[in-house]
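See below for the structure under consideration.
Just so it is clear, none of the values below were taken in a lab; they were calculated from the coordinates. Given the structure is predicted, the values throughout are model-derived calculations rather than measurements. Note that we place each Cβ from the backbone using ideal geometry, even for glycine, and neighbour counts take in every protein chain shown.
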Amino acid sequence: MSVPARVWAWLRHKALPIYAGLAVAYMLIPIVVVAVFSLGDTPKDKLTFTLDDGFTLEYWESMFSIPELNEALFTSIKLAALATLIATAIGTAMAIALVRHRFHGRRVANLLIVIPMATPEVVIGASLLSMFIYASFALGFTTLVIAHVMFCISFVVVVVRSRLIGFNRNLEEAAADLGATPFQTFRLVTLPLILPGVIAAAMLAFALSIDDFVISNFNSGTTVTFPLYVYGVSLRGIPVQVNALATLLFLVAAVAAALVLWQQRRAEKMAAVRPEPIAIPGTTAAQ
Amino acid sequence: MTSLKQRLIPYWLLGPGLLWLVFFFVVPMYFMGELALYSGSLRSGFEFTWAFENFPNALSGHEEQILRSFFYAGTATLLALLIGYPLAYAIAFRAGRYKTLLLFAVIAPFFTTYLIRTIAWKTILSDDSPIVSVLQTLSLTPGDGRVLATSGAVIAGLTYNFLPFMILPLYASLERLDVRLIEAAKDLYSSSRTAFLKVTVPLTMPGIVAGVLLTFIPAFGDYINAELLGGTGQSMIGNVIQSLYLNQRDYPEAAALSFLMMALILTIVLVYIRFAGTEAFMGDEDDAETAK
């Protein structure tokens, strides 16, 4: 085989991995750029792609030296924590109802959960603003909480639901047979088992909330969240501290996600070791 | 026989969430529709007058932005499919022990704020960036050699930002694909290409359609990419709605325009759900429904 033919054959064989590698690189480029530029010793007052002045840790050290930025970040964390708490609680309840119960109106409930996820953010933001204008409701932290809980609920339901499907109900029946009340069964058996799903849902809700710009832009009034702050300063050129902070947030999120993934893997492995449940004649059948 | 109390349990569980969604998703849509029928201005005050002319008026002033939104979102969706399908395929069938790591890379952009990612693209595509000079050497840039403030920059930004929404449903459907069917096709002397086109693609069609919807819909309504990466000639319909609501405060026209956008998206989604169910958005098959 001639050399070009061999190169061609190798390329054909490796085309998919090479293509996939390029695609992954494309996805990671901006993250790398943000991280590298957080270390660049050039004040970013204007838009430029130069790192000629070398590297520094200055902006990492002075990460929390901009009062407006701190305040915006604090507002975002408070907002995300509150929205996550509410959305996770009511979303988990909805997921349980949808997977465990048959009732009239399931289809409508499903539709009501799905459609917000398929609605452009600008429409959600605009419609909420329309209502708040109509009701002369003052925009601020409260309206942000209302909006953030609203767009987080559907995602919580989807994540918890996927955990509940394919869930071994024998354990719950065993608890009931041993005299546990439905509430005790839920608290001591069901909740610990679906907890990884609930935690994953809460993390997703937190990430969605802290990341949201569009819906917040419509309903924030004078309250400034982290994305709104970034947007405000982006017109003049963002301070390098924002890059450092974004990199830090990325690392925290990546580590948290990796931990949840690892925890889930471990739980699955442990579940795989457990012996198969044995059907005992004479016990109550599933309701 | 279940008691009334037991039958009410699902409603108690669903109640708070459904009420939240009704009051803060459905009801606001109603008010947006009503606001669209007002007339007047911020100065003279708004008045409800059944002003149906707001709808044609809102459309006629913005044909350019509407067409552009379709074109940008459509191109970005197509590009995302072309980038995403091979990647999802490679992750599902060829990644081996790197599977988790690659999936992690796919969702990694979500760990950085959307706005900051887009601003990072602004830096990457700025005039003195090495990537732009490569593009210039390849004569891929327009006449003045700039990339920022072009349609290409906005489409690239949209493609980038919504790519994970394409890859994840594609991966889910490829993962579920029974590889024995591809082997069977090859045993029956089909070429790799035929097997791919006649077996793999049709069987992963639900994932393709879901990915296309989940990419197209947010891209269609987006205004961040057009604002940060585009110039004055690249604004999309989202930019118009944002500016009418928040800067010009022409609420009736803004409401009319976003009401029409919602109607369009809702039609697409409902038609899709009619044929494919809610699976694409919910992730799994509907458990209790199939158990009937």
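For the protein assembly as shown, with the dipole built from +1 on Lys and Arg beta-carbon atoms and -1 on Asp and Glu ones, taken about the Cα centre, which of B:115, A:81, B:177 lies farthest toward the positive end?
B:177
Once you place label points 7 Å from the Cα toward the Cβ at residue A:6 and residue B:98, how far apart are they in nm?
Placing both labels 7 Å along Cα→Cβ, they lie 2.4 nm apart.
If you take the alpha carbon radius of gyration of segment B:1-75 and divide it by 2.2 N^0.38 Å, what ratio comes out, to two decimals?
Normalised by 2.2 N^0.38 Å, the Cα Rg of segment B:1-75 equals 1.86.
So how do A:7-13, B:25-31, B:269-275 stack up, highest first, on mean other-Cβ count within 10 Å?
Ranking the peptides A:7-13, B:25-31, B:269-275 by packing returns B:25-31, B:269-275, A:7-13.
Charges only on Cβ, +1 for Lys and Arg, -1 for Asp and Glu: so what's the dipole of the protein assembly as shown about the Cα centre, in debye to the nearest 20?
The dipole magnitude comes to about 1800 debye.
Which whole number gives the average, over all residues in B:214-223, of C-beta atoms from other chains lying within 10 Å of the residue C-beta?
For peptide B:214-223, the averaged partner shielding equals 4.
Would you work out which of A:114, A:140, A:152 lies farthest towards the positive end of the dipole of segment A:67-238, given +1 charges on the beta-carbon of Lys and Arg and -1 on that of Asp and Glu, about the Cα centre?
Selected residue: A:114.
Find how many whole Å separate the alpha carbon centroid of segment B:194-217 from the alpha carbon centroid of segment A:233-265.
A separation of 32 Å, based on Cα centres.
Once you sort the root eigenvalues of the Cα gyration tensor of segment A:76-132 as a ≥ b ≥ c, which label holds: rounded (a/c under 1.5), prolate (a/b larger than b/c) or oblate (the other case)?
It comes out oblate by the Cα gyration axes.
Relative contact order, percent, of segment A:67-238 when contacts are C-alpha pairs under 8 Å separated by at least 6 residues?
42
Please name whichever of A:164, A:65, A:94 sits farthest to the positive end of the charge dipole of chain A, dipole taken about the Cα centre and charges placed at Cβ: Lys and Arg +1, Asp and Glu -1.
It is A:164, whose Cα lies furthest towards the positive end.
For a 28 Å ceiling on Cα separation, which of these pairs sit above it: B:99/B:186; A:78/B:99; A:269/B:99; A:14/B:186; A:14/B:99; B:99/B:198?
The pairs that break the limit, which is 28 Å between Cα atoms, are A:78/B:99.
On each of the three principal axes of the Cα atoms of the protein assembly as shown, give max minus min coordinate, whole Å, ordered largest first.
82, 82, 51
Let me have the relative contact order for segment B:1-129, percent, based on Cα pairs under 8 Å that are six or more residues apart.
Here the relative contact order equals 9 percent.
Hey, how many Å between the Cα centroid of segment B:112-190 and the Cα centroid of segment A:197-212?
Cα centroid of segment B:112-190 versus Cα centroid of segment A:197-212: 25 Å apart.
Let me see the P(r) profile for segment B:68-251: every Cα-Cα distance counted, bins of 5 Å, each bin given as a percent of all pairs.
1, 8, 14, 15, 16, 14, 11, 9, 6, 3, 1, 0, 0, 0
In percent, what relative contact order does chain B have, based on Cα pairs under 8 Å that are 6 or more apart in sequence?
Relative CO of chain B lands at 27 percent.
Report the Rg/Rh value for segment B:1-126, based on alpha-carbon coordinates and the Kirkwood definition of Rh.
1.16
Please identify the DSSP H helices in chain A that span no less than 30 Å along the helix axis (Cα) and have a mean Kyte-Doolittle hydropathy of 0.5 or more.
Membrane-span-like by this criterion, though nothing is claimed about a membrane: A:3-37, A:67-100, A:141-164, A:240-273.
To one decimal place, what orientation-averaged projected area in nm² is obtained for the convex hull of the Cα set of chain A?
In nm², the orientation-averaged hull projection of chain A is 25.2.
Which one of A:29, A:165, A:215 has the biggest mean-square fluctuation once chain A is modelled by GNM with Cα springs under 10 Å?
Taking springs between Cα atoms under 10 Å, the residue moving most is A:29.
Give me a single rounded figure for B:250-256: the average over its residues of other chain Cβ atoms within 10 Å of their Cβ.
For peptide B:250-256, the averaged partner shielding equals 2.
Give me log10 I(q)/I(0) at q = 0.14 Å⁻¹ for segment A:67-238, Debye formula, one equal scatterer per alpha-carbon, no solvent.
Taking Cα atoms of segment A:67-238 as identical point scatterers yields -0.80.
If each residue's Cβ is checked for other Cβ atoms within 10 Å, how do A:150, A:94 rank with the fewest at the top?
A:150, A:94
List B:150, A:222, A:56 from most exposed to least, where exposure is judged by having the fewest other Cβ atoms within 10 Å.
Listing B:150, A:222, A:56 from fewest to most nearby Cβ atoms yields A:222, A:56, B:150.
Pick from A:126, A:81, A:147 the residue whose mean-square fluctuation is largest in a GNM of chain A, springs joining Cα atoms under 10 Å.
So, out of A:126, A:81, A:147, the one fluctuating most is A:126.
What is the Rg over Rh value, at two decimals, for segment A:199-265, using alpha-carbon atoms and the Kirkwood definition of Rh?
1.06
Looking only at other chains, what is the average number of their beta-carbon atoms within 10 angstrom of each beta-carbon in A:206-213?
Neighbouring Cβ atoms belonging to other protein chains average 3 per residue here.
Rounded if a/c is under 1.5, else prolate if a/b beats b/c, else oblate: with a ≥ b ≥ c from the C-alpha gyration tensor eigenvalues square-rooted, which is segment B:54-156?
Here segment B:54-156 falls in the oblate category.
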